[in-house]
1. So for the pair residue 124, residue 70, with labels modelled 7 Å out along Cα→Cβ, what separation do we get in nm?
2. May I ask for the angle, rounded to the nearest 10°, between helix 58-67 and the longest principal axis of the chain, with both axes built from Cα atoms and the value confined to 0 to 90°?
3. Please give the contour-minus-distance gain from residue 117 to residue 17: 0.36 nm per residue of separation, less the Cα-Cα distance, rounded to one decimal in nm.
4. Which semi-axes, in whole Å and largest first, does the equivalent ellipsoid of the chain have when worked out from the alpha carbon gyration tensor as the square roots of 5 times its eigenvalues?
5. Hey, what do the phi angles of region 77-91 turn into as Karplus ³J(HN,Hα) couplings, whole Hz, using 6.51/-1.76/1.60 and θ = phi - 60°, x for Gly and Pro?
6. Within 10 Å of each candidate Cβ there may be at most 12 other Cβ atoms; applying that plus a DSSP loop requirement, which GluC sites (Glu not before Pro) in region 120-197 survive?
7. Using the Cα centre of the chain as origin and beta-carbon charges of +1 (Lys, Arg) and -1 (Asp, Glu), tell me which of 182, 54, 155 is placed farthest towards the positive end of the dipole.
8. Using only DSSP helix segments of four residues or longer, with each worth -39500 (n - 2.57), what per-residue ellipticity at 222 nm results for the chain after dividing by its residue count and rounding to 500?
Amino acid sequence: MSIRRVPTVLLVVYTLLLGLGLGLGSAYWAVNGDPPFGSLRLGPWKAWPKLGAPEADPYMRAIIAQRSDVPLATGEGLGFTASMDNDGRPLDSACSYTLGPVAPIARVWTLTLYDQAGRLPATTLGRKSFTSAEVLRDTQDRFSIALSREAQPGNWLQLPSGGPFTIALRLYDPPGAGAANLEKSDFPVIQRLECGT
């Protein structure tokens, strides 16, 4: 019985191709998602406090470069995103939501919608965001923002025509150490109402 031997050249070529495939595949995976380290999650809201800092890790820097993002610097503020509601269900444009009644203390905050491709959605009124100065509040300084494809009274942001969406909450010049003082109860609750087709 004879044993067939694989030539050394084929083993070397196979090893190189395997290493190249794994290297490129892992690099693509690493820069096309969220940064794998340093996240802060408060309910459905998540952030990476070091994203705009000089000590951001190489994964964060690669993701910023690939997306052409300009994150808030450490002294400017902090950006949070939500892609699910407070019950852990993915945000879907076929559903309606309410968001409120509070937001973290900051000099100014903005709340912006993005479609599944990360772009600002086309809307009937042209409004894609609210600032803390624009949002209507009650006598107790609480607010409610309706997220729906159909027009709603009061604070309303029109959802994209279909598919998942993301909400971005940016806090500019928060007091103290920024992320260190934040708690889940400081953030708006994202509550799903009804879903259509």
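The numbers here are math on the coordinates, done by the rules we state, and not lab data. The shown structure was predicted, so the numbers you read here are calculated from the model rather than taken from an experiment. In this analysis, Cβ positions are derived from the backbone assuming ideal geometry, glycine residues included, and neighbour counts consider all displayed protein chains.
1. So the label points at residue 124 and residue 70 sit 3.4 nm apart.
2. Computed tilt is about 70 degrees.
3. 32.8 nm
4. Square roots of five times the eigenvalues give 42, 22, 14 Å.
5. x, 8, x, 10, 10, 9, 10, 9, 8, 5, 9, x, 8, x, 5
6. 134, 150, 183
7. My answer, from the dipole projection, is 54.
8. -6000 deg cm²/dmol
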